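> Structure in structure tokens, see below.
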Amino acid sequence: MKTESEKLSPTRVKLTVEVPFDELKPAVAAATTKISEQVEIPGFRKGKVPATLVEQRFGRPAIMQEAVNDALPDFYQQAAAEAAIKPVGRPEVEVSEIPGLDGSEDGNLVFVVEQDVRPEIDLPDFSTYEVEIEEPSVDDDAVEVRLTELRERFGTLVGVDRPAQNGDFVSLDLVATIGDEEIESVEGTSYQIGEGNMLEGLDEALIGLSAEETTTFTSKLAGGDHAGEEAQIKVVPQSVKVRELPDADDEFAELASEFDTIDELKDDLRQQAAADAEGNRVALARNALLEKLLEELEIPVPEALVEDEINAHLENEGKEPGDPHGEEIREDTAKAVRAQFLLDEINGTREVSVEQDDLMAYMTQLSAQYGIEQNQLLQMLAQSGQLEQIFGEVQRSKALEVVLADVTVKNASGDVLDLGLTAQAADADGADAESTDDAADAEKAPAKKAPAKKPAAKKAPAKKAADSEAAAEDATEEAAEKPAAKKAPAKKAPAKKAPAKKAAPKKAADTDAADSAK
């Protein structure tokens with residue numbers, strides 16, 4: 001097989017591939033057998049029809065068509081490996097010559113592939129980099145926030161005889177109708193005003209409403225058969241309650257902790273806040289470094305990949321392609337793709353290992369973000385096939401943390417901060433040796449699919465890759481995806497381009513990484 005590669009742009013290549021008939025022979029034999037197993041010819045059992053009879057009955061072009069359809073994906077994979085490209089998105093394939101249509105065994109199968117690829121990124125010397133962060137402080141306010149959170153866990157809900165306010169707890173009856181048809185209804189649903197995790201406009205409708213009063217508002221449905229459609233929502237708060245907190249005294253300290261006095265409890269909360277602040281310093285420095293790299297490095301992105309991410313995001317929100325919201329998130333989506341490319345490049349130059357603790361910490365972060373119990377979230381991700389994507393997100397984030405150990409991090413006062421990170425030597429040789437197949441596998445576009453209970457985002461997050469947030473909601477196909485072969489024409493003639501497959505919905509375009517890469 002012969003492969004010629006032409007660079008059309010920093011993110012797109014053209015491969016012209018010639019496959020001698022001898023290399024196509026096994027596929028021709030397999031196609032003949034396949035056809036014989038699918039047809040019934042009097043006097044012969046399925047699969048036992050002689051090849052000559054199959055050819056006489058169905059014609060040589062039909063056999064060659066089947067052979068090319070089945071063999072083309074493997075030939076494409078070989079060509080991509082020979083050209084050492086790192087594909088992203090879907091390849092566009094055109095078959096220009098098919099040998100053997102006249103029964104001979106001469107000539108070549110010739111096909112042309114245009115494929116988006118990852119751009120080449122020249123990483124800087126991270127030891128020369130410097131970033132500045134605003135150090136999180138541990139003061140009395142930080143301790144008070146933690147103490148309040150603890151008191152809320154032991155608080156009790158008490159009914160109030162007044163209109164609902166932001167932060168109140170209500171028990172809701174909801175009825176959604178479109179026209180004269182009732183689409184959905186729920187009764188006795190508990191909700192805290194201000195959470196914003198149900199219907200858009202619900203908080204505004206509830207504020208100022210007393211128990212058993214009724215109001216209606218218009219909102220787009222977030223799920224079900226009518227997702228994305230506007231419906232009339234009738235809402236009735238059956239009760240309005242506030243959370244009363246226990247006094248922060250010694251009695252509460254004994255109840256809520258292992259300590260006997262409130263002062264001892266506060267000292268412990270201060271230590272916890274200090275530990276969190278240490279971790280926050282790393283996160284702040286990581287984000288600052290990513291922003292600096294994205295600002296300074298030239299990282300072009302394939303427009304088709306960005307478009308796929310946007311469409312996946314819109315689909316997850318129940319919107320049609322071309323919806324104006326797509327333009328609102330275009331810049332953030334492109335930034336997410338750039339971030340993913342950058343982090344994957346860093347990951348390929350360092351030995352980045354992901355431990356169980358790393359995965360569990362990330363799962364804890366996700367479960368808190370989506371308000372879903374961790375085991376339930378894990379089950380949801382497993383069922384939707386996103387665990388591999390989660391691994392990739394964690395690995396990207398950790399790769400940035402690895403190079404951060406080489407960077408000088410200062411606070412606003414100019415003091416150099418010790419983040420407690422250990423530098424790892426670059427492994428450029430190992431990165432160069434990575435197989436193209438592995439690179440192709442890593443090309444799934446990001447867009448993470450939002451877990452079922454996550455409210456539709458109104459704007460794609462800008463730091464998706466760095467923060468490992470869910471986003472783009474999952475969405476380009478593997479670069480290694482099989483390109484569809486064209487039907488073999490009776491004569492040698494250019495075949496039509498393979499129709500693009502629909503991108504699998506992912507995490508709408510998440511700007512933390514455009515691919516849910518591995």
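The values are calculated or read from the model by the stated rules, or taken from the named source; none is laboratory data. Worth saying up front: this structure is predicted, and the values here are computed from it rather than measured. Because the Cβ atoms are built from the backbone with ideal geometry, glycine has one as well, and the counts that use them run over all protein chains shown. Protein only, heavy atoms only, side chains kept; ligands, DNA and RNA dropped before computing areas. Shrake-Rupley method; radii C 1.70, N 1.55, O 1.52, S 1.80 Å.
> Considering only residues of the range 203-233 that are assigned to a strand (DSSP E or B) and small (Gly, Ala, Ser), which is surrounded by the fewest Cβ atoms within 10 Å (Cβ to Cβ)?
Ranking the candidates gives Ser219 first.
> Of these, Gln165, Gln192, which one is under 29 Å from Ala253 (Cα atoms) and surrounded by fewer than 17 Cβ atoms within 10 Å (Cβ to Cβ)?
Every option except Gln192 fails the conditions.
> Filter the range 234-271 down to residues that are in contact with an Asp or Glu (Cβ under 8 Å, 6 or more places away or on another chain) and of a type in the set (Gly, Ala, Ser) and give me whichever is surrounded by the most Cβ atoms within 10 Å (Cβ to Cβ).
Among them, the one singled out is Ala253.
> Can you confirm whether the range 46-55 contains a residue that is more than 17 Å from Leu24 (Cα to Cα), in contact (Cβ under 8 Å) with a residue 12 or more places away in the chain and crowded, with 19+ Cβ neighbours inside 10 Å?
yes
> Could I ask something else about it? Do we have Leu150 as modelled with pLDDT under 95 and open to solvent by less than 80 Å² (accessible area, probe 1.4 Å) here?
yes
> Report every pair of residues separated by at least 6 positions or lying on different chains whose Cβ atoms are under 6 Å apart, first residue within the range 10-30 and touching a residue at least 40 places away in the same chain (Cβ under 8 Å) and among the basic types (Lys, Arg), second surrounded by 16 or more Cβ atoms within 10 Å (Cβ to Cβ) and not in a helix (DSSP H, G or I).
Here the result reads Arg12/Asp116, each pair linking the range 10-30 to a residue that is surrounded by 16 or more Cβ atoms within 10 Å (Cβ to Cβ) and not in a helix (DSSP H, G or I).
> Out of all the residues in the range 12-22, is one or more over 30 Å from Glu120 (Cα atoms), surrounded by 14 or more Cβ atoms within 10 Å (Cβ to Cβ) and not basic (Lys, Arg)?
yes
> Answer with yes or no whether Pro91 is open to solvent by less than 40 Å² (accessible area, probe 1.4 Å) and either closer than 30 Å to Arg338 by Cβ or within 35 Å of the chain's Cα centre (by Cα) (or both).
When the stated conditions are applied, Pro91 passes them.
> For the range 103-112, state whether one or more residues are farther than 30 Å from Asp344 by Cα, of a type in the set (Ser, Thr, Tyr) and open to solvent by less than 50 Å² (accessible area, probe 1.4 Å).
There is at least one residue in the range 103-112 that is farther than 30 Å from Asp344 by Cα, of a type in the set (Ser, Thr, Tyr) and open to solvent by less than 50 Å² (accessible area, probe 1.4 Å).
> Applying the selection to the range 321-341, what residues are within 30 Å of Gly224 (Cα to Cα), among the charged types (D, E, K, R) and in contact (Cβ under 8 Å) with a residue 60 or more places away in the chain?
Residues satisfying the conditions are Glu328, Asp332.
> Here's another thing I want to ask about it. Looking at Val236, Val282, which is the one that is β-branched (Val, Ile, Thr) and under 30 Å from Val409 (Cα atoms)?
None of the other options fit; the residue is Val282.
> Please find, among Lys2, Lys34, the residue that is among the basic types (Lys, Arg) and in contact with a helix residue (DSSP H, G or I) (Cβ under 8 Å, 6 or more places away or on another chain).
After applying the criteria, what remains is Lys34.
Every residue, every condition in (1) out of contact with any helix residue (DSSP H, G or I) (no Cβ under 8 Å at 6 or more places or on another chain); (2) modelled with pLDDT of 85 or more; (3) hydroxyl-bearing (Ser, Thr, Tyr), yes or no:
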| residue | (1), (2), (3) |
| --- | --- |
| Glu320 | no, yes, no |
| Arg338 | no, yes, no |
| Asp344 | no, yes, no |
| Thr364 | no, no, yes |
| Tyr370 | no, no, yes |
| Asn411 | yes, yes, no |
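> Restricting to the range 334-385, give me the number of residues that are assigned to a loop (DSSP other than H, G, I, E, B) and either open to solvent by less than 50 Å² (accessible area, probe 1.4 Å) or among the basic types (Lys, Arg) (or both).
Summing the residues that are assigned to a loop (DSSP other than H, G, I, E, B) and either open to solvent by less than 50 Å² (accessible area, probe 1.4 Å) or among the basic types (Lys, Arg) (or both) in the range 334-385 gives 3.
> Could you list, in sequence order, the residues of the range 386-402 that are closer than 29 Å to Asp418 by Cβ and not in a helix (DSSP H, G or I)?
Just the residues of the range 386-402 that are closer than 29 Å to Asp418 by Cβ, to begin with: 393-402.
Once the filter is applied, which keeps residues that are closer than 29 Å to Asp418 by Cβ and not in a helix (DSSP H, G or I), the range 386-402 yields nothing.
> If we scan the range 315-324, do we find a residue that is open to solvent by less than 30 Å² (accessible area, probe 1.4 Å) and part of a helix (DSSP H, G or I)?
No; the residues of the range 315-324 include none that is open to solvent by less than 30 Å² (accessible area, probe 1.4 Å) and part of a helix (DSSP H, G or I).
> What number goes with the only condition from (1) farther than 19 Å from Ile121 by Cα; (2) without any contact (Cβ under 8 Å) to a residue 60 or more places away in the chain; (3) not hydroxyl-bearing (Ser, Thr, Tyr) that Glu303 does not pass?
Unmet for Glu303, out of (1) farther than 19 Å from Ile121 by Cα; (2) without any contact (Cβ under 8 Å) to a residue 60 or more places away in the chain; (3) not hydroxyl-bearing (Ser, Thr, Tyr): (1).
> Any chance you could count how many residues in the range 283-314 are assigned to a helix (DSSP H, G or I) and either open to solvent by 10 Å² or more (accessible area, probe 1.4 Å) or over 13 Å from Val131 (Cα atoms) (or both)?
22
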